[in-house]
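For reference, the structure is listed below as structure tokens.
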Amino acid sequence: MGRVDEARRILARLRSTPYNEHDPEVNRELQEILAVAKLERVRQADGEDGFIRMIVTSGGKLHIRRRIILVVWLQILQELAGIGVITVYAPTVFRSGGFSDTLARLLSGFNDVSYMFSVFIAVFLLDRTGRRKTLYWGNIVMGISLLIAGVAAKYALQYGAGSATEDLALAKRWGAALAAMVFLYTATFGATWLSVPWLYPTEVFPLFIRAKGGSWSVFGWSIGNGIVTEITPFLFTAIRYNTFFLFGALNFFCMPFVWAFYPETSCRSLESIDELFESNSAFVAFDKRLTSIGRIRVGEEDDA
């Protein structure tokens, strides 16, 4: 089984105070590691680490295909939340609020800077609130922000220069409201949905296929990003400010999928992750062991 004695000593240094190689917690965690390592070696020996094999077979007890579907769709949902609309077409977004080309570009740059700094919020947030709740509150704030942005864009255009109901002072106020909502949306995305879809695949796949599992995640991002960036110019031309309403609604559309199918991975040991996917059912919403922050021990009986 490899360097078991060395592993025991390392775990004792990490987990036992004072140092005790026979500490029950040390022995329990070591047995978890050995059990998972044995299972993963069997799967690897069976050839289940190939890209095609990963998706065409279920992966047995590990349910590898389910994990692939989850990480691919999480990336697609990330893009459906509308970040490509805001970041890629930011000047167009701000112009819809009545801003000049120059000011729209400046606001776009400032928005990207605030986007960068908002990512640091995730460093302190993710393990405290968990992956699922982080995505929930991200969708709520982003959805509301885009809906309000849609209202602001509508009235900024309605009262803008050259309109039948021209009122430049009022248009300017609505434009400012649009800009504020765009900044709020982007900062919230940076603190929530930007990080989780990239972190999740590094947590849910066994070590022997983790890199390839991450590749499937990038595949999902490519699909979602490609769709959104291609249709956005058409949407702004065809439905104008209603584009904000569409993507605002899509944020609320994402939430039931996270609630129903995505187990909580925060604060779980590497070895306990596989137990999150042992069930033959992909539905996790009503199982508190799978949706709460904490640790699931390998081999632990279901209290339910």
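Brief remarks on what is shown
- So Ala211, is it at pLDDT below 95 and assigned by TED's automatic domain parsing to the domain that holds Ala122: yes
- First in segment 13-30 and closer than 17 Å to Ser272 by Cα, second anywhere and in a helix (DSSP H, G or I) and among the hydrophobic types (A, V, I, L, M, F, W, C), Cβ under 8 Å, 6 or more apart: Arg15/Val26; Val26/Leu11; Val26/Ala12; Glu29/Leu11; Leu30/Val4; Leu30/Ala7; Leu30/Leu11
- Against the list (1) in contact with a helix residue (DSSP H, G or I) (Cβ under 8 Å, 6 or more places away or on another chain); (2) among the charged types (D, E, K, R); (3) modelled with pLDDT of 80 or more; (4) part of a helix (DSSP H, G or I), the condition Glu21 fails is (4).
- Which numbered condition Leu70 misses (of (1) over 26 Å from Ser269 (Cα atoms); (2) at pLDDT 95 or above): (1)
- Val182 surrounded by 18 or more Cβ atoms within 10 Å (Cβ to Cβ), in the same structural domain as Gln75 (by TED's automatic domain parsing), under 30 Å from Leu39 (Cα atoms) and of a type in the set (Val, Ile, Thr): no
- In segment 95-136, the residues that are buried (at least 16 other Cβ atoms within 10 Å of the Cβ), modelled with pLDDT under 95 and either more than 24 Å from the chain's Cα centre (by Cα) or not assigned by TED's automatic domain parsing to the domain that holds Gly175 (or both): Arg95, Ser96, Gly97, Gly98, Phe99
- In segment 2-18, residue nearest to Arg41 (Cα to Cα) [restricted to those that are touching a helix residue (DSSP H, G or I) at 6+ places or on another chain (Cβ under 9 Å) and exposed (fewer than 15 other Cβ atoms within 10 Å of the Cβ)]: Gly2
- In segment 211-244, the residues that are more than 12 Å from Tyr89 (Cβ to Cβ), more than 17 Å from the chain's Cα centre (by Cα) and assigned to a helix (DSSP H, G or I): Ala211, Lys212, Gly226, Ile227, Ala238, Asn242
- Residue in segment 273-282 that is buried (at least 17 other Cβ atoms within 10 Å of the Cβ), at pLDDT 95 or above and part of a helix (DSSP H, G or I) present: no
- Matching residues, segment 250-272, being surrounded by fewer than 14 Cβ atoms within 10 Å (Cβ to Cβ) and in a helix (DSSP H, G or I): Pro256, Ala260
The values are calculated or read from the model by the stated rules, or taken from the named source; none is laboratory data. Because the structure is a prediction, the values reported are computed rather than measured. Don't worry about glycine lacking a Cβ; one is built from the backbone with ideal geometry, like all the others, and counts go over all protein chains shown.
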